[in-house]
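Undergrad: This structure is in structure tokens; I'll ask about it shortly.
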Amino acid sequence: MATLSEVAQQAGVSPTLVSRYLNNRIELPAATRERIDAAIARLDYRPNLLAKRLSTGKTEAISLVTSEIANPFFAELAAAIEAEAERHGYAVYISSTRGDNIRAVNAVRRLMDQHVDGLIMMTNHPDDGRLASLLRSQKNIVLVDEDIPGVPVPRIFVDNEHGAWLAANHLIEAGHRDIALIGGPDGLLTVRERLTGFRKAMREHRIRVRSEWVMLGDYSREFGFDAMQRLLDLPRQPTAILACSDYIAIGVLKAVHKRGLAVPHDLSLVGFDDMPFAELIDPPLTTVRQPIAEMGRIAFERLIALLNRSEVPALTRLPVELVERSSVTELPIGRR
């Protein structure tokens, strides 16, 4: 392997100059940069990462902990973080916890062992206390999408309450009064805030929220299917569903089709996320759009600011919008 000294000799400069150039610690004239780059290419030089880490005290790598990388929501978020990290010269190590708190704890321990410079964490299951107790003593951590209560680190969330209000209000304006909500695990921030927005819209229109029509369990197709089956088995059934994720909405569609019914003819449906598949399914799904890529970009910006000891906002809220497609129909006056 070529050495730093050999690159310097080929370029006609000192090894110190090459080192400072590679670590972005010096601005050089274009001609000098070109000579160094040409020498690196001719010699196929690869920096010694261990030596670089010892000299700078940084790994130039971060850890991204996600609940389920196969979920399109988390995949899009991870892709945005990775793209922004690459632009800043950082590698990203991705861990999927699959909803297992022990795997999440192990990811935090890697940060504590200085295998990475910082951590971006996304979760979709309530903490049992172990994560919070670990994170309280750590620096250089950013939470995205969901909260871990009691942890004083920067957070990036969307306006969940307003998003659910928009969805519920859209159904109400279409004439629906019998509206059910299917959401994620009880105890999560997104679940609590979306339920609050739903209740607010119903209260503003003096519509009763039936407890048997509020189904909380998991942000998954399977739970959406099971919850919808139970709703369809009730003596009185809703005419519209607010599914608190597009994945839940897919499960709702499957359950409705299994009963020989159709959306929106027999049941109106609104999702939450605006996943890429939302406009491709039949019918195209009306849903609340989250700025997923923007969340990822800002999450990395906040982490870089922490690493540079800059001031970082404790909480960032991003706006959402309702995307109207074809899964909601106006309820005939006779059915209101």
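Undergrad: When CYS244 is evaluated against the numbered criteria (1) of a type outside the set (Gly, Ala, Ser); (2) within 28 Å of ILE172 (Cβ to Cβ); (3) open to solvent by 10 Å² or more (accessible area, probe 1.4 Å), which criterion, by number, is the only one it fails?
TA: Only one criterion is unmet by CYS244, namely (3).
Undergrad: Cβ-Cβ under 6 Å, sequence separation 6+ or interchain: first residue in region 301-316 and in contact (Cβ under 8 Å) with a residue 60 or more places away in the chain, partner surrounded by 15 or more Cβ atoms within 10 Å (Cβ to Cβ) and of a type in the set (Lys, Arg). Which pairs?
TA: Partner pairs satisfying both residue conditions: VAL312/ARG302; LEU315/ARG155.
Undergrad: Can you pull out every residue in region 92-122 that is of a type in the set (D, E, K, R), assigned to a loop (DSSP other than H, G, I, E, B) and within 14 Å of LYS139 (Cα to Cα)?
TA: Within region 92-122, ASP113, ASP117 meet the criteria.
Undergrad: Related question: Looking at region 321-336, which of the residues that are aliphatic (A, V, I, L, M) and over 26 Å from LEU77 (Cβ atoms) is surrounded by the most Cβ atoms within 10 Å (Cβ to Cβ)?
TA: Per the criteria, the residue is VAL328.
Undergrad: Of the residues that make up region 132-151, is at least one among the basic types (Lys, Arg), in a loop (DSSP other than H, G, I, E, B), free of Cβ contacts under 8 Å to residues at least 60 places away in the same chain and farther than 21 Å from SER220 by Cα?
TA: yes
Undergrad: Give the residue, chosen from ALA278, ALA243, ALA249, that is of a type in the set (Gly, Ala, Ser) and under 30 Å from PRO154 (Cα atoms).
TA: ALA243
Undergrad: Tally up the residues in region 239-262 that are outside any helix (DSSP H, G or I), more than 21 Å from the chain's Cα centre (by Cα) and not hydrophobic (A, V, I, L, M, F, W, C), please.
TA: Of the residues in that region, 3 qualify.
Undergrad: I'm trying to understand the selection: among the residues of region 273-324, which are in a strand (DSSP E or B) and closer than 17 Å to ASP246 by Cα?
TA: Scanning region 273-324 gives ASP273, THR286, THR287, VAL288, ARG289, GLU321, LEU322, VAL323.
Undergrad: Here's something else I'd like to know. Kindly evaluate GLU68 against the criterion of being assigned to a loop (DSSP other than H, G, I, E, B), under 25 Å from ASP127 (Cβ atoms) and modelled with pLDDT under 90.
TA: yes
Undergrad: Within region 281-304, track down each residue that is closer than 27 Å to ASP233 by Cβ and open to solvent by 20 Å² or more (accessible area, probe 1.4 Å).
TA: Matches in region 281-304: ILE281, ASP282.
Residue by residue, here is whether (1) open to solvent by less than 70 Å² (accessible area, probe 1.4 Å); (2) over 25 Å from GLU173 (Cα atoms); (3) within 19 Å of the chain's Cα centre (by Cα) holds:
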site	(1), (2), (3)
PRO264	yes, no, no
ASP274	yes, no, yes
GLU279	no, no, no
LEU306	yes, yes, no
THR316	yes, yes, yes
PRO319	no, no, yes
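Undergrad: Where residues in region 197-213 are surrounded by 15 or more Cβ atoms within 10 Å (Cβ to Cβ), touching a helix residue (DSSP H, G or I) at 6+ places or on another chain (Cβ under 8 Å) and without any contact (Cβ under 8 Å) to a residue 40 or more places away in the chain, which of them is farthest from VAL256 (Cα to Cα)?
TA: Among them, the one singled out is LYS200.
Undergrad: May I pose another question? Give region 203-238 a look and list any residue that's within 20 Å of ASN160 (Cβ to Cβ) and either within 28 Å of the chain's Cα centre (by Cα) or part of a strand (DSSP E or B) (or both), or say none.
TA: TRP213, VAL214, MET215, LEU216, GLY217, ASP218, TYR219, SER220, PHE223, GLY224, ALA227
The values are calculated or read from the model by the stated rules, or taken from the named source; none is laboratory data. Worth saying up front: this structure is predicted, and the values here are computed from it rather than measured. Here the Cβ is made from the backbone with ideal geometry for all residues, glycine too, and neighbour counts use every protein chain on show. When the accessible area is computed, the model is the full protein with side chains, heavy atoms only, and any ligands, DNA or RNA have been set aside. Shrake-Rupley method; radii C 1.70, N 1.55, O 1.52, S 1.80 Å.
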